[in-house]
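Worksheet for the structure shown next.
Just so you know, all these numbers are worked out from the coordinates, no wet-lab data involved. Nothing here was measured: the structure is a model prediction, and the numbers come from that model. Counting neighbours? That spans all protein chains shown, and the Cβs are built from the backbone with ideal geometry, glycine included.
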Amino acid sequence: MNNESQSHVQEGAVTHDVHHNGNGHDGHHHHKETFITKYIFSQDHKTIAKQFLITGMIWAIIGALFSVLFRLQLGFPDESFPILETFFGKWAKGGRIAPEFYYALITMHGTILVFFVLTAGLSGTFANLLIPLQVGARDMASPFMNMLSYWFFFLASVVMMSSLFVSTGPASGGWTMYPPLSALGQANLGSRIGTDLWITSMALFVVSSLLGGLNYVATILNMRTKGMSMTRMPLTIWGLFFTAILGILSFPVLLSGFILLLFDRNLGTSFYLSDIYTAGQALPNEGGSPILYQHLFWFLGHPEVYIIILPAMGMVSEIMSVNSRKPIFGYMAMVGSLFAICVLAFLVWAHHMFVSGMNPFMGSVFVLLTLLIAIPSAIKVFNWITTIWRGNIRFTPAMLFSIGFVSLFISGGLTGIWLGNSTIDIHVHDTYFVIAHFHIVMGVSAFFGMFAGVYHWFPKMFGRYLNNTLGYIHFWVTLAGAYLIFWPMHYMGLAGVPRRYLDFSIWKSFNQFNSLNQMISVVTIIVFAVNLMFVFNFFYSMFKGRKLRTQNPWNSASLEWTTPIHPGHGNWAGEIPEVHRWPYDYGKDGRDFIPQTEPIGANESKH
Amino acid sequence: MVSTQQRNKIHPHKFTLWIAIGSIIMMFAGLTSAYIVKSGQAGWHEVKTPMLFWYSTALLLTSSITIQAALRSFKHRSMATFRALLLATLVLGLAFVVIQYKGFLWLWDRGVHFEGSSGAGQFLYIIFGLHALHVLGGLVALVSLFIRQYIGRFRSYNVTPIEIMSTYWHFVDVLWIYLFVFFIWIG
């Protein structure tokens, strides 16, 4: 770098340095940090975590806003809303959403929230923040690859964002992008350039999550501090570890599915296409099978839901133990059930395809394997409840969100048992019942895990607390709202209301749900507003929140709280502390908690 | 008890490579299983394997030997031999990619195109093409390793990057043999 650009960068550092820290810089890394290397192309895992979190929050606002806007139309099909035209222009002429654009909206809502928020925003944030801090490492195995991981995500975001503005509209084949709808440009406006951009963006996204995942696994297995055996790791790390493994093994398969789709779309191959007539003309494609795509997609698609939920499970376990002042109940059972979920995740994908015409015998095998997941899930729920049972509970916002997570996971998990049975699934397939199930069990509950994590580790990230009162309002409104929005959808689904329909008004038998639909839409708006308030709380508290005065605000036993309040790149000022015990010694031998760094005493009881 | 275990650990970058290899295997496993499923269905067309792929196999196998020898000479600090062998690997790898491309042209000239009904040919282009991309990635790494032998203020005798390079190179070799045998056997 020449002198001129150096001085320019230095200037930037002076004007933009938002939370300058006096005591945080450790003695190990003396390299010069400019604004660019510190906040933009940073290789510090903590900064990368914040980059993932804030990018994820921007995506969450966009993705949720889409759902609010199409909920307006769903709740009030006869009304027109000028605001829709303001946002969508020609796609909502006269303030009414065009039916083909509704597909684009739900496609983008799903894609954004599943991949960009709950995959990159969730594990990108917390794997980056917590893995080095909780296992006792100065940074990731390869900080450079870690940085690349974020920038590939950023690139994927730019491409996906740009697809929202092309004249034929963004991809609209559903977030699962099934061919032939997604493979033929003549099938749908959104299947033109929008889908190419979608596939490109997702390919970049896969690269990003592979680079991240490789690093997470290598760091956890290779970079633990002295004494940090695998069974002394916090459950957060176990959750993130299995998440990374799932991603590493399943995303490449999705990528191969996408490559074949890209060839079918643009080069005339017939991997997924066969015997298709459009506008009276037979296409030359022959011998392809759209089911092949479904297999390749769901081989990722199902592990993906565990990629979303396992980090939340890990964080909730940690937060519940800390705020109950009790050791986690059944640590090894928690690890074992995470492992069982991780293995089963690869063996159940075809339960998304019960109505695709697959062999019913195969279906019954997948029913059995699917229902087996109930066992590790139930073990986890049991252990969470027994962890807080007779605990000395501190109802911090993080703790409330953790309890809310467990509540939602139970409610959504129970309907999973229904849907896992092919006999019931064939009846309620593609109805609002499915919408209700997966929104509760992986959508909202993963969000609750994420909120819990943000409230709990915000002091570690920014050296300040989030506002508690706003946190409580955020929790209660979101919890009540989530149930009010999604609970009634079960009944609609059982009555047969199909998903992905914009307007039911001519379908007389569904008119009984009109007022219910209106209620859902109104609650959606309220919940969205309250979550915007959380975003306000986040950015306000980053600069003006109550300052952290102690290193260990939650009296937590794990390692991340032994770092300075504003840790520099390298995390610990001196030596990395040695670990002598597991991270859950709460309420032991009459002591409130014993940090992991304290050697086992002579008269200490066994846990 | 744990402190002794700490020191014997594999280098994190090497470990990362092994996981990445697992990830790449999953991608090709996805494609070859798709091939198996599709080959049992109606409208499937077989293709003839060009002789050229046998030559490229020989080249890639030889390059595996040269990179192993390069690693050996690096460990013995015979840097001139090391550089020569590295260059040989580079040339062989480049020749491999060129011959693969010639093989594709050979097939294309015999009417195996992207358009139209499905068959082994369409899979062959994608699977072998993706493999060639992985070889190309290895070539980029080889070039940067080669350049680094000549620039820089001080010479590094750190063996880890060379070991990572050779592991990856052996991997793309073994992967190729798997894919080639797969196509001859199943296809």
Open item on the list: Compute the angle between helix A:3-16 and the longest alpha-carbon principal axis of chain A, please, reported from 0 to 90 degrees and rounded to the nearest 10.
Closed with: 90 degrees
TODO: Run the quick spin-label model on B:ILE184 and B:PHE146: label points 7 Å from Cα toward the beta carbon, then report their separation in nm to one decimal.
DONE: 2.9 nm
TODO: Could you work out how far helix A:125-135 tilts from the main Cα principal axis of chain A, as a 0 to 90 degree angle to the nearest 10?
DONE: 30 degrees
Task: Dipole of chain B, positive direction: furthest Cα of B:LEU90, B:ALA58, B:PHE114, with charges on the beta-carbon - done: B:LEU90
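Once you keep just the Cα pairs under 8 angstrom separated by 6 or more residues, what percentage relative contact order results for chain B? Intermediate values should be presented prior to the final figure.
Numbers: 140 pairs, mean separation 58.0, N = 187.
Computed over chain B, the figure is 31 percent.
Looking only at other chains, what is the average number of their beta-carbon atoms within 10 angstrom of each beta-carbon in A:380-391?
Numbers: counts 0, 0, 0, 0, 0, 0, 0, 0, 0, 0, 0, 0.
Averaged over the peptide's residues, the number is 0.
Under the classification rounded if a/c is under 1.5, otherwise prolate if a/b is larger than b/c and oblate if not, where does the range A:539-607 fall, given a ≥ b ≥ c as square roots of the Cα gyration tensor eigenvalues?
oblate
Please compute the contact order of chain A in relative form: average sequence separation of alpha-carbon pairs under 8 Å and at least six residues apart, divided by the residue count, as a percent.
Values: 996 pairs, mean separation 102.4, N = 607.
Once normalised by length, the contact order is 17 percent.
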- [ ] Please give the net charge around B:ILE67, taking every other residue with its beta carbon less than 14 angstrom from that of B:ILE67, where Lys and Arg add +1 and Asp and Glu add -1.
- [x] +1
- [ ] As a check on your grasp of the helix formula, calculate [θ] at 222 nm for the protein assembly as shown: sum -39500 (n - 2.57) over DSSP H runs of n ≥ 4, divide by the residue count, round to the nearest 500.
- [x] -21500 deg cm²/dmol
TODO: Compare the Cα positions of B:GLN41, B:PHE123, B:MET26 along the charge dipole of the range B:2-186 (+1 at Cβ of Lys, Arg; -1 at Cβ of Asp, Glu; about the Cα centre) and return the one farthest towards the positive end.
DONE: B:MET26
Task: Simple Cβ-charge dipole of the protein assembly as shown, Lys/Arg +1 and Asp/Glu -1, about Cα centre, in debye nearest 20 - done: 1680 debye
Open item on the list: Would you report the distance distribution of C-alpha pairs in the range A:98-251 as whole percents per 10 angstrom bin, up to the bin with the largest distance?
Closed with: 12, 37, 25, 16, 9, 2, 0
TODO: From other protein chains only, count the Cβ atoms within 10 Å of every residue's Cβ in A:259-265, then give the mean.
DONE: 3
TODO: Calculate the length of the line joining the C-alpha centroid of the range A:90-129 to that of the range B:111-187, in whole Å.
DONE: 36 Å
Open item on the list: Once you order the gyration tensor axes a ≥ b ≥ c over the Cα atoms, which shape class does the protein assembly as shown get: rounded for a/c under 1.5, otherwise prolate or oblate by comparing a/b with b/c?
Closed with: oblate
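Sum up the charges of everything whose Cβ sits under 9 Å from the Cβ of A:ASN128, counting Lys and Arg as +1 and Asp and Glu as -1, but leave A:ASN128 out.
Details: positive: A:LYS46, A:LYS50; negative: none.
Local net charge: +2.
Using the structure shown, list the pairs from A:LYS50/A:LYS226; B:LYS48/B:LYS102; A:LYS226/B:LYS14; A:LYS544/A:LYS588; A:LYS46/A:LYS544; B:LYS14/B:LYS38 with a Cα-Cα distance above 25 Å, or answer none.
On the way: A:LYS50/A:LYS226 27 Å; B:LYS48/B:LYS102 15 Å; A:LYS226/B:LYS14 21 Å; A:LYS544/A:LYS588 37 Å; A:LYS46/A:LYS544 20 Å; B:LYS14/B:LYS38 36 Å.
Exceeds cut-off: A:LYS50/A:LYS226; A:LYS544/A:LYS588; B:LYS14/B:LYS38.
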Open item on the list: What does the C-alpha gyration tensor say about the overall shape of the range B:1-131? Classify as rounded when a/c is under 1.5, otherwise prolate if a/b is larger than b/c, or oblate.
Closed with: oblate
- [ ] State, in angstrom, two size descriptors of the range A:326-366 derived from its alpha carbons: Rg to one decimal place and Dmax to the nearest whole number.
- [x] 15.6, 50
Open item on the list: Run the Debye formula on the Cα coordinates of the range A:192-335, all scatterers equal and no solvent, and tell me log10 I(q)/I(0) at q = 0.18, 0.20, 0.22 1/Å.
Closed with: -1.04, -1.18, -1.31
Open item on the list: Give me, ordered by chain and number, the residues 5 or more places off A:THR431 or on other chains with an amide H under 5 Å from its own placed amide H.
Closed with: A:ARG499
Task: the range A:222-287-the range B:52-77 distance, computed between alpha-carbon centres (Å) - done: 32 Å
Open item on the list: Can you give the local net charge around A:ILE565? Use residues other than it whose beta-carbon is closer than 12 angstrom to its beta-carbon, Lys and Arg +1, Asp and Glu -1.
Closed with: +3
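Using mean Cβ contacts within 10 Å as the protection proxy, how do A:238-248, A:505-515, B:37-47 order, highest first?
On the way: A:238-248: 26.5, A:505-515: 12.1, B:37-47: 14.4.
In decreasing order of mean packing, A:238-248, A:505-515, B:37-47 become A:238-248, B:37-47, A:505-515.
Quick check for me: using +1 on Lys/Arg Cβ and -1 on Asp/Glu Cβ, what's the dipole size of the range B:2-186 about its Cα centre, in debye to the nearest 20?
Values: 14 positive and 5 negative charges, 195 e Å.
Around 940 debye, computed over the range B:2-186.
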- [ ] Find how many whole Å separate the alpha carbon centroid of the range A:362-408 from the alpha carbon centroid of the range A:138-193.
- [x] 33 Å
Task: Cα long-axis angle, helix A:374-388 against chain A (0 to 90 degrees, to the nearest 10) - done: 40 degrees
